[in-house]
Amino acid sequence: MSLLPPWFEDACNEVNAALAAERLAHGLLIHEDPGAGGLEFARWVAQRVNCTVPARAPCGECQECRWIAADQHPDVTRLSPEGDSTQILIQSVRDLAADLALTSHGRGYKVAIVAPAEAMNHFAANALLKTLEEPPKRTLVLLVTSQPSRLLPTLRSRCSRLRLAGPSREKAAAYLAAARGAGPWLEALAATGAGPFVLLDADPAALAHLRADTISTLRDIGSGNLQPPAVAEHWAKNELSIRLSCLESWVTESILESASIRDVTHLSGEALAPKICRLFEFSDAIRDMRKLAHTSINKTMAVEAMLWRWARP
Ligand SMILES: [Zn+2]
């Protein structure tokens with residue numbers, strides 16, 4: 001994908017300024033909002049330092065740029081959890097360190113992209129620390145994470161931090177429409193609650209449909225037209241995580257809406273308080289359900305319990 005997201009601009013400018021002043025750090029911690037495109041930005045940095053057209057680097061067209069975009073550049077290594085593992089292991093980091101110590105194939109930088117960086121286990125992170133303490137010349141280590149607090153403090157302190165804030169939902173939808181073509185992107189983004197890069201391969205119509213179905217079902221439960229046991233099993237077995245995201249974003253929007261009604265109409269808190277309280281209580285119920293979703297608890301019962309907290313008493 002060659003479309004540079006407009007919300008990358010500040011971070012790109014920071015890298016350009018550091019390069020111009022010849023003070024680009026060997027380690028960069030790219031702190032992204034979930035789905036903001038941290039990995040894509042890391043590829044941009046790798047292209048920026050390896051592009052063979054300096055006047056407009058990264059040009060996106062030279063061989064170096066194209067290889068990096070396709071994850072095929074011999075001097076750009078990407079570390080991610082492999083196979084079924086959720087961790088990046090020490091051997092991968094050792095192989096990487098040995099590779100970084102070799103001279104680059106071209107005239108550019110050797111670049112390591114670790115994404116997500118918090119997937120490194122303790123041993124792997126310590127091994128990487130050594131590389132960052134004694135970096136070979138013309139090497140760059142890019143750590144991509146949306147949870148920097150989960151990295152070793154010593155690792156964080158060795159890196160220069162770049163913030164990649166996610167776009168508004170409208171900008172994210174415009175970006176996805178340009179990249180993927182027209183579709184109900186706003187609804188799809190609301191369904192997952194994540195940034196646009198999570199949705200690059202998604203089917204927006206299916207997500208929008210799931211969101212509409214989830215919210216209308218919840219409304220029916222709230223008005224007493226439907227009982228929680230009638231839907232709990234179906235929800236527990238079908239896209240539960242996305243349904244919970246749909247509920248979370250709907251509750252947040254409903255709370256904001258209620259608050260703005262109060263501001264505009266100057267309705268006393270008394271008229272709206274029960275509604276807002278109910279929304280906050282249901283928000284707690286969703287959060288409890290999220291915690292349980294990763295355990296071995298009977299999910300159908302847990303979903304039913306959550307929905308009873310919204311049902312009319
Ligand atoms: Zn180029």
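The values are calculated or read from the model by the stated rules, or taken from the named source; none is laboratory data. Every value quoted in this text rests on a predicted model; they were computed, and no experiment measured them. For neighbour counting, all protein chains shown are included, and Cβ atoms are generated from backbone atoms with ideal geometry for every residue, glycine included. The accessibility values were calculated without ligands, DNA or RNA, using every heavy atom of the protein model including side chains. Shrake-Rupley method; radii C 1.70, N 1.55, O 1.52, S 1.80 Å.
Between Cys59 and Ser241, the contour length at 0.36 nm per residue exceeds the alpha carbon distance by 61.6 nm. A crude spin-label estimate for the pair Leu256 and Leu19, with each label 7 Å from Cα along the Cβ direction, gives 3.6 nm.
Between Ile88 and Met120, Asn121, the built amide H atoms are under 5 Å apart, and every one of these is 5 or more places off in sequence or on another chain.
Within straight-line reach of Lys237, meaning a Cα separation under 14 Å, sit the following aspartates and glutamates at least 8 residues removed in sequence or on another chain: Glu304.
Here is the size of segment 60-151 from its Cα atoms: Rg then Dmax, 13.3, 39 Å.
Normalised by 2.2 N^0.38 Å, where N counts its residues, the alpha-carbon radius of gyration of segment 44-199 equals 1.16. Solvent-accessible surface of the chain, taken per residue with a 1.4 Å probe and all protein chains present: 53 Å². When segment 60-186 is described by a simple charge dipole with +1 on each Lys and Arg Cβ and -1 on each Asp and Glu Cβ, the residue from Ser160, Thr131, Val141 located farthest towards its positive end is Ser160. Spin-label model, His122 to Thr52: label points 7 Å out along the Cα-to-beta-carbon direction sit 4.7 nm apart.
Shape summary: the chain maps onto an equivalent ellipsoid whose semi-axes, from the alpha-carbon gyration tensor, are 44, 22, 18 Å in decreasing order.
Between Ala165 and Ser216, the modelled labels are 3.7 nm apart [label points 7 Å from Cα along Cα→Cβ]. Amide H to amide H distances under 5 Å link Arg161 with Leu29, where only residues 5 or more positions off or on other chains count and H is placed in the peptide plane.
Maximal additional length on extending the Gln227-Leu102 stretch stands at 38.5 nm, based on 0.36 nm per residue less the C-alpha distance. Anisotropy class assigned to segment 60-111 is oblate, per the alpha carbon gyration tensor with a/c at or over the 1.5 cut-off and a/b no larger than b/c.
Scoring 142-150, 180-188 by mean Cβ neighbours within 10 Å over their residues and listing the highest first yields 142-150, 180-188.
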